[in-house]
Structure formats: structure tokens, C-alpha cells
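Step one of this worksheet: look at the structure below.
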Amino acid sequence: MRYASVALDIPTRALEGAFDYAVPPELEGDVVVGSTVLVSFSHRMAVGYVTATSDAPPDGVAPERVLPVSQVLAPAAFDEGAARVAEWMAREYACPLCEAIRPFLAPGQKVRVTRASEDAPWELQTERAGAVDARWAALTPTADDYVPARSASRQRAVIEALREGPQRVAELSATIPGASSAVAALERRGVVAVTRRRELRGRDETTLSSAAAPRPRRLTDGQLTALAAIDEARAAARGDAVLVDGVTGSGKTEVYLAAIERSLAAGGGALVLVPEISLTAQTVGRFRSRFGDEVAVLHSRLSTGERFDQWDLVRSGRARVVVGARSALFAPLSEVGLIIIDEEHESSYKQDKAPRYHAREVAARLARERGAALVLGSATPSLESLERCRAGRFRGARWSRVEMPERPAGAVLPRVTVVDMAEQFRGGGRSVFSAPLVDALRGVVERREKAVLLLNRRGFASFLMCRECGCVPECPHCSTALTYHERGHMLACHTCGRTWPVRAFPDPSTACPNCGSRYLAAYGVGTQRVEDELSALLPEGVEVIRMDADTTRAKGAHQRLLERFDAAECAVLVGTQMIAKGLDFPEVTLVGVINADTMLKLPDFRAAERTYDLLEQVAGRAGRGGRPGEVIVQTYWSTHPAMRAVAAHDRSVFLDAELAERAEASYPPFSRVSNVVVQGRSERDVRAACDALAAAVRERVGGAAGWEVLGPADCVRARVKDRVRRHVLVKCPPEAEVGNLLASCAAGLGRRAGITIAVDVDAYDLM
């Protein structure tokens, strides 16, 4: 008798690990690791996932008392190595095992099961996924002898069409009315053979000029050094990590391509992660130009069916290079030689819903499990990665750093000018654009070049404020100031998504919700306002393209906007941080940062690091071709180390000051910080639960060195969607295993009506 360990899909911390079930002889070939099964649990049927199989019954239980697996609902989606990674994720990130397994499942697979009748088998619900087989029709050798009846005009038309070669039945039906029934009749007579071919959904091509990767005549010294280090890590086959620390435009992508070629030649595949969906078309184009149909693409903007097709290409072995956002990390690629994380410093690699994993950490664990090399690339590496490289080892793997300080073909880094906006204001400047930026934009227009303007805030203005009483309209459901959107004359909450119609001063219908004054005016700057003022400033013939969360909602919008920018003779791209990284347009000679302070003053210990990363990355969009680039950074804090470091292209100016502050306050990379958020509709119940949680954590931590419990306290966003939010911060040493401790403390509180507890290990969002 075979036995299977099954992780039940019941998301509660009260259930730990997997449960053992017997495998009936008739199911032995189907109950394998990774398969989805139906089992009996606590007198009801439950969906579960097989994480291990064995010939031995569970310890201390008579074999006849072990319940059997009732049914197999879906074939294997992952293997033993992936199951071990999922078990590690459950421990590391304090989540139920089923939540750690779900990212590995086939796209579209749901937990619910249905059946047509009591006698029918259960079926797992899916979200319009599964393979699509297109019907193709072709003539058989007997077609030459077949003479249709005089009335069978449709059959004759189908035969004539098929004499040109096999065609899809759907295409025949589009040109010949009734072709489907004619094909069926001809198939019965043996005149036409109908076969099914796998059809891939949604493979879009792009016209982006940067979506190609011509092979360079020679690699730079930095590229050769990086490639040698990656080869060494891959040969070691123990999960070693290589940090490729290269300035913007230094050719990191070419290093990835060359390393993947060597991995493929050695029989291994590659997982490649990019931080922004806006980069996918460019990156996929480059990889497909080198590796063709061996490239699969996985990201959230694909439909469920499209994701399934790409996922299935990987599972079947037809694709060995996977490119996508962080979810691509869980693709069913069995022979992994390389895991590459581009722009590894990006916070988008941290998942904000359970399981709240960080892709870099899961990739490091997966690399050790698969015997692969982990490659991290960035012009602004995270402080955590730099510290691990300085130490040389982390969690049993070797970490090394390779510098790439030069751009290929003699290209140089752009000249950076930091403009003090307070000084501009004292000199009479009232525009969104400083005088140096206006002059630079006019120069771009005269030379018929291109520019990129960054403002990390969408909407027309940050907020409306009454000049009479100082009231700033807030969302009644969230503790968030509402953002003004002039195009739709509305206030929007960017937390819950609700909107309210309103008009700002000087419209006569304006009214303050607090005092009724009509002097409710717009303050701050958003991307809509920059777009409008830019259109008024520049002459006709200069295309202004805005790229933010509002203009990229539709599927494929990222790609279409970038293609417009690429095709324009002279254009300005205005956008949020999605335009700040990875994009490669040689015609861009000017980058302007409208307000560099939007993140700098947030109550977050990573605020300065994120500001420096963003500015250095967006500055790197300029001067990537043969013409020199210029960067103008507008700020009210021109003396901040982040501003001075960007101006000098000298990371140490920022890094030395930042590391000193982090060490003094015991923040990462010198510790781990976890954020446990308690929320509910009743403030009293939330306070009681959060107090009990903090007490339980303090009791477990005791006086252990390097541990610190802060709070409980109200979150910065103290109310979201009518739910009160309080939190507890827990600091611990970098090597400490904090997940199990926090999970057990949260489980120890038991279930409390209306209260939810979210444990975020290695938190990036402290708001």
C-alpha cells in the first residue's frame, strides 16, 4: 500500500503541515507529488495537494485506520523540489502550507469542486484555463476521386480552399458560410481528415526597436568578468549567488543572455524575473530574438488561458527559458541552471498578499534546492545584497559581487544637475518646471530628440485644500487624502478605489465639505497636470505620452504607449516609476525629475534608499546612444546624501551615511523587520487582539539578544475600507528564523470574530 502526505487547502494556522492518506491501488499511478486530490477531513470532503509519497504507513497509526484518497482532481503541477520550497515558504513567511503551494499550481485552478449528480465524480473548478485545441482540415488522397453532388456547393468550395493546403476549420467558416457542416460531411466520406492542434493564446509581437538583442562583436571586460563568475557559480551547483553590480547601460542583459546560452548548452534552463510589466515586451523581445520559441512568458496581465498555455509549455519541456514578473519564479521548470533577478533592488519583488514572500529569498532557496546559480543584477543593489556579498556567505551559499563600471561602445553616464526648487520659488518661479528644465526641454525639441519626465504621483494634483478652513477631503472609508483628477473632475481614493465628483476653484460650483467655502483649490502636482502644462509649453508636433496606473489599465497598454514613444520623431514620455527602470531608448537625451522628494519624507526607514534607487535608475535612461545625456533633478532637499550621490554618480556618498543610520537604529541589513497587522471593524476588539499579540511575542522573545518588539501602535494608514488597523513591529538578527515564532503567537490567539492578523516577515510596507 502506498501513502501520500496531503496539504489540505484550508487556510488556517491551526492546521500545521500535511496529513497522511492511503492511496487505493486503482489510483497509484495518478497520486503523485504535485497532484490535486479530494480527501475526507473532519467528516467533510476537502481539496488537498500531495507533497510526498511513501510505502510506509504513518508512525503510530494502524494501516487500516488511515483514510484513503477519494479522487484525483488534477495532474501534477509541481515536483518534490518545489514541494520542499513550499514547505520552507510556509515556515519562513508564517503562512499556512496551502497558501505557499498555490503559486505553484496551474493557472486558473480553483479550490472549489462541483459534480453534476450524487453519482457523478467531483470536478475541480477552473477559470477558463486548459489547453485549446484548434481543428484543422486537410484533404485525403481520395479527394481527387470524389465528385460532390451538384447541390453541394459548400463542399466544392471547401475542397477548392483545401487544395491550397490545410486550414483551420474556424478560418474556413469565416470565408465560407456553413463550412463546418460541409467539413463534417466530407470527413464522414473520408475526403477530409480533421485533426486537433494545440493553439497558443495571446502571443503578441512588438515593434519596439529595443526588443531585439543583436550579438555584440565583443564583450566589455566587466561583462566577461561577470560571465566567468556566473559560470563558476553554476558549475558549483550549490545555489551560489552572483551580484552583477553594473552602472545603467553597462550591458547586464547581454550578460544574462550569454549566461543562459551556456546553461542551455549544459542541459539546464533559466528563470528570468523583471520588476515591471512595462519591461516585459522589451525583455521578451530580446530573449526571443536569441532563443526563439524556447521562451515562455508569465505575468499578471495575461489572461488565465494565456498564462496556462505558457505555463504548460514549460511543464511539457517545450520552453526552457521563462521570463516574467515575480510569479514566473514558480513555473514548473525542472532542470533549472540559472535564476536571474533583474533590478533586484525593486520592492515589487515583495508580495503584498499571502504568502508574503520576497522573490529574492525564494529564488535563493530554489537555487539551493535545484543546484542552480542565482544571478542578481542592478545599478543600485539593495543594501541586503551588498551586505551578504561583503560577508561572503549567507545561509550556506556563497555570495559574490562583480562590478561593471563602464558602458559599452564608449557611451558615458549623463551629466546630472540638481535644481533647488526653493531657490527657484524665491526667484519668482511658480511653474511645475524649473528654468533649467524648460531650457533643456526646448533644446530637445530643437534637436528633434526625446525626453523622459518622472513624477511618482498620478492624478492632476495631490489633494484639494480649502483656503478658508484648511480642510483636506479624505476618504470616509480610509485614512487617506483624496487625489484630485481634473480630467474627470473627481476625487479618488488610491487605497480603496472609490471616487466622488467634485470641481476645484475657480469653478463656481466648488464647495468645501467642511465650511462650504468655494475656495477649494488644488495643491501638489500629478502626472495629469504635468502632461497638460507640458502640452501648453511645447510646440505642436511634439508628442506628449503619459504612462501611469490610469493610462495603463487596459491589457497591452504598457506596450502600446512605449511603441508610440519609440515610433515618434520627437516626444516626451511623462510617467510614474514604471518608466524609471530598464527601458532602453537611444534617442532619449534628457531625463527630468519633477519632484524628487515624493518618497523621501515618508515614515519608512527605506525612504532614502528608495529615493536614491529611483533617481539613479531614471537618470540611466538618458544618453544610452551615441549622443550625450542630461539629467535635471528638481528637489526641495538638494543637500540630502541621495541627491548628492546621484549628482556625482558616486554611491558611497549615500551609502556611508545610510548604513551608519541603519546600524545605529538596528534596521536591515543589520536585522530583520517583521510587521504584524491586526485589523477589524471594531476598534476595541482590534486593540485587545493587538495587545494580546504583542504580549505573546514579548513572552516568547524574552531577553534574547538582537530581538526587539515595538508597539502595538496605530498604522500610518489607520483605517482602510472601514477597517481599523494596528500593528506590532518585531526586529531580530539577520539569521534568525522568525516565521514560526510569529505564526505560533498568532495561532495562539485563536479565532476572534471580525479580526484578521497578517504576518509580514521582512516587511517592505510599514504603513
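The values are calculated or read from the model by the stated rules, or taken from the named source; none is laboratory data. This is a predicted model, so every value here is computed, not measured. Glycine gets a Cβ as well: all are built from the backbone with ideal geometry, and neighbour counts include every protein chain shown.
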Task: Qualifying position, being among the acidic types (D, E), within 30 Å of G443 (Cα to Cα) and at pLDDT below 80, among E486, E531 - done: E486
Task: Residue count, region 525-566 (criterion: in contact (Cβ under 8 Å) with a residue 24 or more places away in the chain, of a type in the set (D, E) and part of a loop (DSSP other than H, G, I, E, B)) - done: 2
Task: Residue that is farthest from E474 (Cα to Cα) [pool: residues in region 444-461 that are more than 26 Å from the chain's Cα centre (by Cα) and modelled with pLDDT under 90] - done: F460
TODO: Could you grab me the full set of residues in region 567-602 that are under 15 Å from Q634 (Cα atoms), of a type in the set (G, A, S) and part of a loop (DSSP other than H, G, I, E, B)?
DONE: A596
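Based on this model, can you work out whether R65 counts as in the same structural domain as T114 (by TED's automatic domain parsing), basic (K, R) and surrounded by 17 or more Cβ atoms within 10 Å (Cβ to Cβ)? Let's see the steps before the verdict.
Numbers: in the same structural domain as T114 (by TED's automatic domain parsing): yes; basic (K, R): yes; surrounded by 17 or more Cβ atoms within 10 Å (Cβ to Cβ): no.
So R65 fails the test.
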Open item on the list: Can you pull out every residue in region 498-516 that is in contact with a strand residue (DSSP E or B) (Cβ under 8 Å, 6 or more places away or on another chain) and under 28 Å from D722 (Cβ atoms)?
Closed with: R498, T499, W500, P501, V502, A504, T510, A511, C512, N514, C515
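Going through region 618-654 one residue at a time, which ones are part of a loop (DSSP other than H, G, I, E, B) and hydroxyl-bearing (S, T, Y)?
Our first condition is that a residue be part of a loop (DSSP other than H, G, I, E, B); within region 618-654, this holds for 620-629, 636-640, 649-650.
Y636, S638, T639, listed by residue number.
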Open item on the list: I'm checking my understanding of the structure. Among residues of region 113-127 that are surrounded by 10 or more Cβ atoms within 10 Å (Cβ to Cβ) and not hydroxyl-bearing (S, T, Y), which one is modelled with the lowest pLDDT?
Closed with: E127
Task: Checklist (1) under 20 Å from K252 (Cα atoms); (2) surrounded by fewer than 23 Cβ atoms within 10 Å (Cβ to Cβ); (3) in contact with a strand residue (DSSP E or B) (Cβ under 8 Å, 6 or more places away or on another chain) applied to G305, failing item - done: (1)
Task: Test set (1) over 16 Å from A212 (Cβ atoms); (2) small (G, A, S); (3) buried (at least 23 other Cβ atoms within 10 Å of the Cβ) - A281 fails condition number - done: (1)
TODO: Among what's in region 315-328 and is closer than 14 Å to P103 by Cβ and without any contact (Cβ under 8 Å) to a residue 60 or more places away in the chain, pick the residue that is surrounded by the most Cβ atoms within 10 Å (Cβ to Cβ).
DONE: V322
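Just need a number here: residues in region 271-307 that are in a strand (DSSP E or B) and in contact with a Leu (Cβ under 7 Å, 6 or more places away or on another chain).
Here is the first cut: in region 271-307, the residues in a strand (DSSP E or B) are 271-273, 295-298.
If we keep only those that are in contact with a Leu (Cβ under 7 Å, 6 or more places away or on another chain) as well, we get 271, 273, 296.
Of the residues in region 271-307, 3 are in a strand (DSSP E or B) and in contact with a Leu (Cβ under 7 Å, 6 or more places away or on another chain).
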Open item on the list: Every residue in region 268-308 that is modelled with pLDDT under 85 and of a type in the set (V, I, T), please.
Closed with: I277, T280, T283, V284, T304
TODO: Would you please name the residue that is surrounded by the most Cβ atoms within 10 Å (Cβ to Cβ), looking only at residues in region 345-373 that are over 30 Å from V677 (Cα atoms) and out of contact with any Phe, Trp or Tyr (no Cβ under 9 Å at 6 or more places or on another chain)?
DONE: A373
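Search region 674-705 for residues being without any contact (Cβ under 8 Å) to a residue 40 or more places away in the chain and not in a helix (DSSP H, G or I), and hand back the single one that is nearest to C478 (Cα to Cα).
First pass over region 674-705, keeping only residues without any contact (Cβ under 8 Å) to a residue 40 or more places away in the chain: 684, 687-688, 690-691, 694-695, 698-699, 702-705.
So of that shortlist, the ones also not in a helix (DSSP H, G or I) come out as 702-705.
Details: G702: 36, G703: 37, A704: 37, A705: 38 Å.
Here the residue is G702.
Residue check: is A596 within 23 Å of T417 (Cβ to Cβ) and not β-branched (V, I, T)?
Values: within 23 Å of T417 (Cβ to Cβ): yes; not β-branched (V, I, T): yes.
Considered against the rule, which asks whether it is within 23 Å of T417 (Cβ to Cβ) and not β-branched (V, I, T), A596 comes out as yes.
Regarding V255, is this residue in a helix (DSSP H, G or I) and not assigned by TED's automatic domain parsing to the domain that holds R401?
On the way: in a helix (DSSP H, G or I): yes; not assigned by TED's automatic domain parsing to the domain that holds R401: no.
Criteria not met by V255.
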Open item on the list: Every residue in region 1-56 that is basic (K, R) and over 20 Å from T114 (Cα atoms), please.
Closed with: R2, R13
TODO: Go through (1) closer than 30 Å to L455 by Cα; (2) in a loop (DSSP other than H, G, I, E, B); (3) over 30 Å from the mean Cα position of the chain (by Cα) one by one and return the number of the condition A657 breaks.
DONE: (2)
Open item on the list: Within region 616-625, does at least one residue satisfy the condition of being buried (at least 18 other Cβ atoms within 10 Å of the Cβ), within 20 Å of L383 (Cα to Cα) and out of contact with any Ser or Thr (no Cβ under 8 Å at 6 or more places or on another chain)?
Closed with: yes
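Assess whether F433 counts as being under 25 Å from the mean Cα position of the chain (by Cα) and farther than 30 Å from T12 by Cβ.
Values: under 25 Å from the mean Cα position of the chain (by Cα): no; farther than 30 Å from T12 by Cβ: yes.
Judged against the criteria, F433 is not a match.
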- [ ] Identify all residues within region 406-420 that are crowded, with 19+ Cβ neighbours inside 10 Å and under 18 Å from G592 (Cβ atoms); write none if there are none.
- [x] L413, P414, V416, V418, V419
Task: In region 284-297, the residues that are over 9 Å from G324 (Cα atoms) and either crowded, with 23+ Cβ neighbours inside 10 Å or under 16 Å from the mean Cα position of the chain (by Cα) (or both) - done: R286, F287, V295
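Based on what the data block shows, is G680 over 22 Å from Y357 (Cα atoms), touching a helix residue (DSSP H, G or I) at 6+ places or on another chain (Cβ under 7 Å) and modelled with pLDDT under 90? Step through it out loud before you land on a result.
Details: over 22 Å from Y357 (Cα atoms): yes; touching a helix residue (DSSP H, G or I) at 6+ places or on another chain (Cβ under 7 Å): yes; modelled with pLDDT under 90: no.
Taking the combined requirement at face value, the residue does not satisfy it.
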Task: Filter result for E616 (closer than 14 Å to V418 by Cα and under 27 Å from the mean Cα position of the chain (by Cα)) - done: yes
TODO: Scan region 552-585 for residues that are surrounded by fewer than 17 Cβ atoms within 10 Å (Cβ to Cβ) and either touching a Ser or Thr at 6+ places or on another chain (Cβ under 6 Å) or under 23 Å from A440 (Cα atoms) (or both) and jot them down.
DONE: R564, A567, E569
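Does A663 qualify as being free of Cβ contacts under 8 Å to residues at least 60 places away in the same chain, among the small types (G, A, S) and surrounded by fewer than 20 Cβ atoms within 10 Å (Cβ to Cβ)?
Details: free of Cβ contacts under 8 Å to residues at least 60 places away in the same chain: yes; among the small types (G, A, S): yes; surrounded by fewer than 20 Cβ atoms within 10 Å (Cβ to Cβ): yes.
When the stated conditions are applied, A663 passes them.
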